[in-house]
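Scroll down for the structure; my scribbles are underneath it.
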Amino acid sequence: AQSVTQLDSQVPVFEEAPVELRCNYSSSVSVYLFWYVQYPNQGLQLLLKYLSGSTLVKGINGFEAEFNKSQTSFHLRKPSVHISDTAEYFCAVSYFAGGTSYGKLTFGQGTILTVHP
Amino acid sequence: EADIYQTPRYLVIGTGKKITLECSQTMGHDKMYWYQQDPGMELHLIHYSYGVNSTEKGDLSSESTVSRIRTEHFPLTLESARPSHTSQYLCASTRGGTGSYEQYFGPGTRLTVT
């Protein structure tokens, strides 16, 4: 079975510090990769996605992620965080083979990012 | 901004009651999904649909059922609610085709069964 592992359940940082949230996935087939953010009592919002092309992907709110196929990783980074970035972040993977994806996502366990003043 | 709606947002109900969680989207998306999310945990897919009259069970076994008789509407029903059903339920949709595109999520329904 395919799986997604977010290596840190909680990441506390100070405002304006850089942050990296780590995500690894298991795969023997091609993948699409996503990072979502969830604020309290809300649904998930897409931060960024990797479908193909450049392995460095830029998203909203100053976030970026790098796809590393050899390490099967898709780590999320931000050079300077704000208080408003406090939320839970989910890595998700869509697996496909033979050129067809069924659209289903497998999610990681989530990383709670807490930004302190 | 994604146009996917869920009602109610919060529901507290007694054991044994029948409930229906509503999900609607106005984007014309073919694929729709229901996820269950416990606090501090990942999302687990419990149902999905690739179009009208198409429904499949997801990776996590669930006692709930779904229907898809209109493209825009994907309700989830629990015939007899139990405390073990207490959770957050998130609905999502994505467009069809052979590619995989991002899923758009509704705000969720937080269900508490007493």
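Values in this text are rule-based calculations from the coordinates and carry no lab data. What you see is a predicted model, and the numbers here were worked out from it, not measured in a lab. Because the Cβ atoms are built from the backbone with ideal geometry, glycine has one as well, and the counts that use them run over all protein chains shown.
Of note:
- Calculated FRET value between A:Thr114 and A:Thr5, using beta carbons and R₀ = 35 Å, to 0.05: 0.95
- For the protein assembly as shown, none of the cysteines stands unpaired, since each has another cysteine beta carbon under 4.7 Å from its own.
- DSSP loop GluC sites (Glu not before Pro) with at most 13 other Cβ within 10 Å excluded, longest remaining stretch of chain B: B:2-62
- Region A:26-53 versus region B:1-70: alpha-carbon centroid distance in Å: 19
- As a calculated quantity, the FRET efficiency between A:Val29 and B:Glu63 at R0 = 25 Å, using C-beta atoms, amounts to about 0.20.
- Partner aspartates and glutamates for A:Lys78 [C-alpha distance under 15 Å; skip if fewer than 8 residues away on the same chain]: A:Glu15, A:Glu16, A:Glu20, A:Glu64, A:Glu66, A:Glu88
- Relative contact order of chain A, pairs being alpha-carbon contacts under 8 Å that are 6 or more residues apart, as %: 36
- Model label points for A:Ile83 and A:Ala17, set 7 angstrom from Cα along the Cα-to-Cβ axis, are 1.7 nm apart.
- Rounded to whole Å, sorted largest first: equivalent-ellipsoid semi-axes of region A:18-92, Cα gyration tensor: 21, 14, 11
- Partner lysines for B:Lys31 [C-alpha distance under 20 Å; skip if fewer than 8 residues away on the same chain]: A:Lys49, A:Lys104, B:Lys57
- Taking 7 Å steps out from each Cα toward its Cβ at B:Met27 and B:Thr77 produces label points 2.7 nm apart.
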